[in-house]
Amino acid sequence: MQMSVPSCSLHPRATELVDEFISWRHHLHAHPETAFEENLTSAFVAEKLKSFGLEVKTGIAKTGVVATLHGNKGAGKRIGLRADMDALDIHETTNLPYASKHPGKMHACGHDGHMTMLLGAAKILAENPDFAGTVDFIFQPAEENEGGGREMVNEGLFDSHPVDTVYGMHNWPGRDIGTMAVKAGPMMASYDVFEIVIEGKGCHAAMPHLGHDPITTAGQVLLALQTIVAREINPLKSAVISPTQIFGGDTWNVIPNTATIRGTVRTFDPDIQDVIEARLVETAKHTARALGCDARVNYQRRYPATINSPAESEIALSVASKIVGVDQVDTNPEPSMASEDFAFMLNVKPGCYIWLGNGPTDGDRLLHNAAYDFNDDAITHGVSYWIALVKEALSRD
Ligand SMILES: [Zn+2]
Ligand SMILES: [Zn+2]
């Protein structure tokens, strides 16, 4: 039977060195560490980067590491490539020989693979830096929940390392090995949370006219919130407001003083995020006032949407097409409603975040699953992409 072979153009050094890269990945997998405690991990990363002869800066946002490589063809642009280092609070069930040695911690999102691919690209580029310009290899802590990317930016990452553009990558189970997904515009949603405290006046349940009932008011507020997306957001755009907790009161015959609603908002568009935040606050307050109560609203923006800029997405697309073949690049992936803190870097620098195929999801090989393991067959694709991206991005006018 004739098999169709994808027309990959992998970097020959990446193929030669793949066993070494896999050994790094398995070491990192066996020693997972979570948010801002990536001490062994960042020491391993920094030691490798120094051994390649790079300038290495450590301790940005506690455990963040950045290594700098200057091309040997003179000055030029400056590009940042980012990998995340943290693991998750999950008990690993893989029984692999290199399974987690840290009970309750696990690399279940493939950040072990992300570090390995960026280290591999750094090693090969350092062997032969035949480009004009500068590359910064950025290893960030605490991608999961804690916003390590935001902390690196706040601590002056781009002042000490003034890149022109920044690029990221995430492995994606369910997409075949040897495929990539690249698109300009939104890739991942923003993640906001809210808490609405309805303040009324407690009283005897049999004499409601003597108080202001926060329970009935909370019911009206819940329904009113659902009119924001339905009536105030362009139907061609997407957003979701999901109240997820409601509590108030202690017994049958007392109208309580307060009732609380909590929930989350997701969208891809910062303008829509602004509208929803403003209207959620107004809707809650005015609905509450109409019923004799007040509403206190605490609205927090956790992660912005991850939005790829057009020119850099075009560069990423052309590089991906060269590495895995044009037919293997999904140029119109459906964005994910999950969130990603690389968004904080893309908020201040143009750039592009892509998905790298990580093979089938058999046996619960899903992100954040206790049976997940990054697929080593993707390493050479990721390393080759990073190397080609540096050359392409720095050669553009
Ligand atoms: Zn994750
Ligand atoms: Zn992840």
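The values are calculated or read from the model by the stated rules, or taken from the named source; none is laboratory data. Just so you know, these numbers come straight off a predicted model, no measurement behind them. As a convention, Cβ positions derive from the backbone with ideal geometry for all residues, glycine included, and neighbour counts pool all protein chains shown. Only protein heavy atoms, including side chains, enter the accessible area calculation; ligands, DNA and RNA are left aside. Shrake-Rupley method; radii C 1.70, N 1.55, O 1.52, S 1.80 Å.
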Could you tell me which of the residues GLU92, GLU155 is within 16 Å of ligand 1 (Cβ to nearest atom) and open to solvent by 10 Å² or more (accessible area, probe 1.4 Å)? GLU92
Out of ALA67, ALA43, report the one residue that is within 23 Å of THR134 (Cβ to Cβ), small (Gly, Ala, Ser) and away from ligand 2 (no atom under 15 Å from the Cβ). ALA67
When the residues of the range 327-346 are narrowed to those that are away from ligand 1 (no atom under 16 Å from the Cβ) and closer than 19 Å to ALA393 by Cβ, which ends up most open to solvent (accessible area, probe 1.4 Å)? THR331
Taking only the range 182-194 into account, find how many residues are among the aliphatic types (A, V, I, L, M) and buried (at least 19 other Cβ atoms within 10 Å of the Cβ). 4
Scanning the range 214-253 residue by residue, those open to solvent by 70 Å² or more (accessible area, probe 1.4 Å) and not in a loop (DSSP other than H, G, I, E, B) turn out to be ILE215, THR216, GLN220, LEU223, GLN226, ARG231, GLU232, THR244, GLN245, ILE246, PHE247
Name the pairs whose Cβ atoms lie under 6 Å apart, with the first residue in the range 129-155 and within 17 Å of VAL166 (Cα to Cα) and touching a residue at least 60 places away in the same chain (Cβ under 8 Å), the second within 13 Å of ligand 2 (Cβ to nearest atom) and polar (S, T, N, Q), and 6 or more positions between them or separate chains? GLY148/GLN140; GLY149/GLN140; MET152/GLN140
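On the basis of being in contact with a helix residue (DSSP H, G or I) (Cβ under 9 Å, 6 or more places away or on another chain) and farther than 30 Å from HIS26 by Cβ, does VAL329 make the cut?
The answer is no for VAL329.
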Got a sec? Which of MET152, MET180, MET169 is in contact with a helix residue (DSSP H, G or I) (Cβ under 6 Å, 6 or more places away or on another chain), modelled with pLDDT of 95 or more and not hydroxyl-bearing (Ser, Thr, Tyr)? MET180
Against the definition (within 16 Å of ligand 2 (Cβ to nearest atom), of a type in the set (Val, Ile, Thr) and open to solvent by less than 50 Å² (accessible area, probe 1.4 Å)), how does THR306 come out, yes or no? yes
Considering the range 134-149, residues that are modelled with pLDDT under 95 and touching a Lys or Arg at 6+ places or on another chain (Cβ under 9 Å), and then whichever is nearest to ligand 1 (Cβ to nearest atom), we arrive at ASN145
Please determine, by comparing only the residues of the range 169-185 that are touching a Gly at 6+ places or on another chain (Cβ under 7 Å) and within 13 Å of ligand 1 (Cβ to nearest atom), which one is nearest to ASN332 (Cα to Cα). TRP172
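Out of the strands (runs of 3 or more DSSP E) lying entirely within the range 113-213, which hold 2 or more residues that are within 16 Å of ligand 2 (Cβ to nearest atom)?
Counting at least 2 such residues, we get 134-140, 165-172, 185-188.
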Residues in the range 195-202: is at least one crowded, with 24+ Cβ neighbours inside 10 Å, in contact with a strand residue (DSSP E or B) (Cβ under 7 Å, 6 or more places away or on another chain) and within 23 Å of ALA46 (Cβ to Cβ)? no
Looking at the range 49-69, I want the residues that are more than 22 Å from GLY148 (Cα to Cα) and have a partner that is open to solvent by less than 10 Å² (accessible area, probe 1.4 Å) and not in a strand (DSSP E or B) with Cβ atoms under 8 Å, at least 6 apart or on another chain. Which pairs are those? PHE52/ALA122; LEU54/ALA122; LEU69/ALA122; LEU69/LEU125
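Keeping to the range 309-355, report how many residues are farther than 18 Å from GLY149 by Cβ, among the acidic types (Asp, Glu) and within 16 Å of ligand 2 (Cβ to nearest atom).
Residues meeting the conditions: 0.
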Find the residue count for the range 11-42, including only residues that are open to solvent by 60 Å² or more (accessible area, probe 1.4 Å) and farther than 14 Å from ALA142 by Cβ. 9
Give the residue that is nearest to ligand 1 (Cβ to nearest atom), with candidates limited to residues of the range 352-372 that are in contact with a helix residue (DSSP H, G or I) (Cβ under 6 Å, 6 or more places away or on another chain) and under 21 Å from THR179 (Cβ atoms). ASN358
Evaluate the following for THR58: is it touching a helix residue (DSSP H, G or I) at 6+ places or on another chain (Cβ under 6 Å), open to solvent by 10 Å² or more (accessible area, probe 1.4 Å), of a type in the set (S, T, N, Q) and more than 15 Å from ligand 1 (Cβ to nearest atom)? yes
Complete set of residues in the range 70-89 that are open to solvent by 10 Å² or more (accessible area, probe 1.4 Å) and either more than 16 Å from ligand 2 (Cβ to nearest atom) or basic (Lys, Arg) (or both): HIS70, GLY71, ASN72, LYS73, GLY74, ALA75, GLY76, LYS77, ARG78
Quick check on my filter: what residues within the range 347-397 are surrounded by fewer than 18 Cβ atoms within 10 Å (Cβ to Cβ), of a type in the set (Gly, Ala, Ser) and touching a residue at least 40 places away in the same chain (Cβ under 8 Å)? ALA370, ALA371, SER395
